[in-house]
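The values are calculated or read from the model by the stated rules, or taken from the named source; none is laboratory data. Treat the numbers as computed from the prediction; the structure is a model and nothing was measured. Quick reminder, even Gly has a Cβ in these numbers, built from the backbone with ideal geometry, and neighbours come from all protein chains shown.
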Amino acid sequence: MSEIAGLIFDVDGTLADTERDGHRVAFNRAFRDAGLDWDWSVALYGQLLAVTGGKERIKYYLKKFDDSFTPPEDLDGFVADLHAAKTRHYKTMMADGVIPLRPGVEPLLRETHLAGIPMAIATTTTMDNVTSLLENTMGAEAIKWFAQIGAGDIVPAKKPAPDIYLWVLDKMGLDGKQVVAFEDSAHGVNAAAGAGIDRIIVTTNEYTVDQDFSQATLVLESLEPDGRPSISLEALKRM
Ligand code: XBP
Ligand code: MG
């Protein structure tokens, strides 16, 4: 096993439980603003998570769940506008402190930063959303703790494609065998594994708990169940 030379974190579902009470609610607010009567319930949103990326998810919804809607000729423009409105709502919610980091996340990030081990982010969501989550939970400085942030449309193919992990690894100058990835979903695990990462830690959430994590090294309910860390940085280094 190579020595750990970096940690790569997914954001949605991993750093924070952003899907049900963050992204979903922001989507619904954007729909309402646009005069659409779409309402993504908690259960429907679970099905929509089959597709990563907000713009891609809206198109998937139209294709699979709402064939009564006649989309405008410029579908991409329509979806991009809706998605931009959704991002504005999401950022407002983050500024209001609606979503905290998951238990154990901040202590691990802080300890890794202090230990001088490079950290990076590999996410499907936008850079705007990553920044607002980190700033509003850990303060403006925290974004600088990450050597690289791979986010949103920076790669054309989103998770479960490995592209975002390959992009981040390339920028870090590291090989998949030198890092540990943190994920919450099967799509994320498949993306990391596809990029050659063989040490993958999953923290599940209500949407992902029953997914197939056979490619993961460790599957945890949380980094800090019962208020105590389930894995230390020292243990990570020995993984
Ligand atoms: C997260 C996502 C994102 C968010 C919405 O996947 O799928 O699409 O739901 O973000 P992962 P945007 O955690 O695997 O990166 O609307 O900003 O695209
Ligand atoms: Mg995720």
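For the criterion of being on the phi < 0 side of the Ramachandran plot, surrounded by fewer than 21 Cβ atoms within 10 Å (Cβ to Cβ) and touching a strand residue (DSSP E or B) at 6+ places or on another chain (Cβ under 9 Å), T208 fails.
Among residues of segment 79-103 that are closer than 16 Å to G13 by Cβ, those with a beta-carbon under 6 Å from a residue that is part of a loop (DSSP other than H, G, I, E, B) and within 16 Å of ligand 2 (Cβ to nearest atom) at least six positions away or on a different chain give the pairs I99/T18; L101/L15; P103/S222. In segment 1-37, the qualifying residues are those that are within 29 Å of G196 (Cα to Cα) and of a type in the set (S, T, N, Q), and the one that is modelled with the lowest pLDDT is S2.
Scan segment 111-124 and give yes if some residue there is under 24 Å from A186 (Cα atoms), part of a helix (DSSP H, G or I) and not charged (D, E, K, R), otherwise no. Scanning segment 111-124, I find no residue that is under 24 Å from A186 (Cα atoms), part of a helix (DSSP H, G or I) and not charged (D, E, K, R), so the answer is no. Close Cβ contacts (under 9 Å, 6 or more residues apart or on different chains) running from residues in segment 174-192 that are free of Cβ contacts under 8 Å to residues at least 40 places away in the same chain to residues that are within 10 Å of ligand 1 (Cβ to nearest atom) and not hydrophobic (A, V, I, L, M, F, W, C) comprise A186/P160; A186/T208; V189/P160; V189/E183; N190/K159; N190/P160.
Of the residues making up segment 101-110, those that are over 20 Å from A151 (Cβ atoms) and assigned to a loop (DSSP other than H, G, I, E, B) number 2. The test for being of a type in the set (A, V, I, L, M), buried (at least 20 other Cβ atoms within 10 Å of the Cβ) and at pLDDT 95 or above does not hold for V155.
Among the residues of segment 223-239, none is identified as on the phi > 0 side of the Ramachandran plot and part of a loop (DSSP other than H, G, I, E, B).
Condition check: hydrophobic (A, V, I, L, M, F, W, C), more than 10 Å from ligand 1 (Cβ to nearest atom) and outside any helix (DSSP H, G or I). Does V98 satisfy that?
On the way: hydrophobic (A, V, I, L, M, F, W, C): yes; more than 10 Å from ligand 1 (Cβ to nearest atom): yes; outside any helix (DSSP H, G or I): yes.
For V98, the condition - hydrophobic (A, V, I, L, M, F, W, C), more than 10 Å from ligand 1 (Cβ to nearest atom) and outside any helix (DSSP H, G or I) - is met.
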